[in-house]
Amino acid sequence: MSALPRPMLAVPTAALPDDAGEWAYEMKWDGYRAIVEVADGRLRIASRRGNDVTKDYPELAGLVDASPVADVVLDGELVVLDDDGRPSFAAIQRHRTPAVLMCFDVLRLEGDDVIAFPWHERRRILEALGLAGAHWTTPPIVNDTATDAVAAAAALGLEGIVAKRRDAPYRPGARSSAWRKHKLVQRQELVVGGWLPGVGRLAGTVGSLLLGVHDEPGGQLRYAGRVGSGLNDAGRDALAARLARRETSPFVDAPRIAEAVWVEPDVVAEVKFTEWTHDGVLRQPVFLGLRIDKAPTDVVRET
C-alpha cells in the first residue's frame, strides 16, 4: 500500500492578503492535521508526520459508506468540539469525545490526482461530494474581506484564519506562501529540552519546562524560555515519565541553571504567550499541550 501524500502547509503572517477575488479565507481549526483515504472499501488516516493513525479514530469508519465515490483522498483537521461548538486542543489530546474531520481539500478522486488543479476547482469538487455527517463535514469558506474573516473567527472563538490563493495547486509536503495563516492569539510550538523540579508539593516532579526553537528546520536548537503555567498534576507526572534524560543541554545557548534536568529534544509542546523579547524568549507563556503530530526538527519560530 503506497504512502499517503504529506499535507501542504501554510506560512504564518501578521496581516492577511485582502483581496477576495484572488484569495479565499477559511477558519483555522485547533486540532490534528490528517490526510484521509477511502479506497477499496477501507479507510486510512495519516497524521501530518505520515503515521497511520486509523485505529485511533474509529468514529470515522462510517465515512467509507458515506462517501459518494469509492476512491478519494481528503485533507482536513481532526478536532474535538466543546459544549459551545468550538474546537478544543486539550480535548483532542484526551480524545474522550469523538473527533470531527473538518474537510478542506481533495487530493485524489476516483483514481485521478487533482493536486495540480487550482484551489477553486478542488474546492468545487470537495463541495460536490456533500460530505456532512456526525463526524465529518466541509466547513464553509468566507467569501468576504480578510477583515470580515478575522472578525468572524474572533466572534466564533476560533484560533485564526488561513488565506488560500484561489489559483494555487496543492503542493504536498511544502510550506507555501499560497497558503497563509493568521493567528488571533500568539501561539508557538516549541521543543522541550529540559525541566526544572517543582518546589513544595511539586517537589520531585516537573515544575516548569525549558523550551527551544530551531534556527531553521533541522538546525540548531536555541533556548526560548520556560513554562510552568498551564501544567496540571496529571500532565506533570506524564511529562516526567515521557521525557528521556541526557547529561548535557540540547540548546546551543544553554542557560546556566544548576538544577536543570536536561532531556532529549524529541517532544513538542504548544504554548500561548504575549510576545517575544529582544533576547528571543517568550513572555508570559501558558502551556496548552503536547503536539504528537509535529516533528521536533520542524519546529521554528513563527513570525
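The set of residues in segment 1-33 being open to solvent by less than 30 Å² (accessible area, probe 1.4 Å) and among the hydroxyl-bearing types (Ser, Thr, Tyr) consists of 25, 32. Where residues in segment 116-133 are in contact (Cβ under 8 Å) with a residue 24 or more places away in the chain and surrounded by fewer than 17 Cβ atoms within 10 Å (Cβ to Cβ), which of them is nearest to residue 24 (Cα to Cα)? For segment 116-133, the residue satisfying everything is 120.
Kindly establish whether residue 81 is modelled with pLDDT of 95 or more and either of a type in the set (Asp, Glu) or buried (at least 16 other Cβ atoms within 10 Å of the Cβ) (or both). No. Of 209, 202, 239, all but one fail to be open to solvent by less than 20 Å² (accessible area, probe 1.4 Å) and modelled with pLDDT under 90; the exception is 239.
Residues in segment 134-157 that are touching a strand residue (DSSP E or B) at 6+ places or on another chain (Cβ under 7 Å) and part of a loop (DSSP other than H, G, I, E, B) were compared, and the one that is nearest to residue 24 (Cα to Cα) is 141. Of the residues that sit in segment 158-175 and are part of a strand (DSSP E or B) and within 24 Å of residue 272 (Cα to Cα), which one is most open to solvent (accessible area, probe 1.4 Å)? Of everything passing the filter in segment 158-175, 175 is most open to solvent (accessible area, probe 1.4 Å). Looking at the structure I just gave you, is residue 65 part of a helix (DSSP H, G or I), at negative phi, open to solvent by 20 Å² or more (accessible area, probe 1.4 Å) and modelled with pLDDT of 95 or more? Judged against the criteria, residue 65 is a match. Taking segment 221-269 as the range and being of a type in the set (Asp, Glu) and either in a loop (DSSP other than H, G, I, E, B) or closer than 10 Å to residue 192 by Cα (or both) as the test, the residues that pass are 247, 253, 259, 264, 266.
The values are calculated or read from the model by the stated rules, or taken from the named source; none is laboratory data. It should be emphasised that the depicted structure is a prediction, and the values quoted were computed from it without experimental measurement. Counting neighbours? That spans all protein chains shown, and the Cβs are built from the backbone with ideal geometry, glycine included. Side chains included, ligands, DNA and RNA excluded: accessible areas come from the protein's heavy atoms. Shrake-Rupley method; radii C 1.70, N 1.55, O 1.52, S 1.80 Å.
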